[in-house]
1. Based only on other Cβ atoms within 10 Å, what is the fewest-to-most ordering of 42, 48?
2. Arrange the following residues from fewest to most other Cβ atoms within 10 Å of their Cβ: 46, 14.
3. Under 8 Å for C-alpha pairs, at least 6 residues apart: give me the relative contact order for the chain, rounded to a whole percent.
4. If you wrap the chain's Cα atoms in a convex hull and average its projection over all directions, what's the area in nm²?
5. Tell me what the chain gives for mean residue ellipticity at 222 nm when only DSSP H runs of n ≥ 4 count, each as -39,500 (n - 2.57), the sum divided by the residue total, rounded to 500 deg cm²/dmol.
Amino acid sequence: MAKSMQIQDVVNMSATELAAKLDESYRELFNLRFQRAGNQLTDTNSITRVRKTIARIKTVQRQRELAAQMTKAE
């Protein structure tokens, strides 16, 4: 498992990279939940790390969306 992404890593990604990473993170979270249900999960903090990565990505996407709306309104 990779260590969690820092916010600077997420901010420096393009919109397509963010969408791909978000999709990948959701798949990883899905697999981790199945491992936890089957008592096969060894690193219990991995679920928390993936959830925080998803939150960081969604936050940056929303910030960009709001910034685009602000520039459009001006």
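No lab work stands behind these numbers, since they all come straight from the coordinates. What you see is a predicted model, and the numbers here were worked out from it, not measured in a lab. All Cβ positions, even for glycine, are placed from backbone atoms using ideal geometry, and neighbour counts span all protein chains on display.
1. Details: 42 7, 48 12.
So the ranking, lowest neighbour count to highest, is 42, 48.
2. Working: 46 20, 14 8.
Ranked by crowding around the Cβ, least crowded first: 14, 46.
3. Numbers: 32 pairs, mean separation 33.1, N = 74.
Answer for the chain is 45 percent.
4. Numbers: hull surface 20.9 nm².
Averaged projected area of the chain's Cα convex hull equals 5.2 nm².
5. Numbers: 3 runs with 56 residues, N = 74.
My calculation for the chain gives -26000 deg cm²/dmol from helical runs alone.
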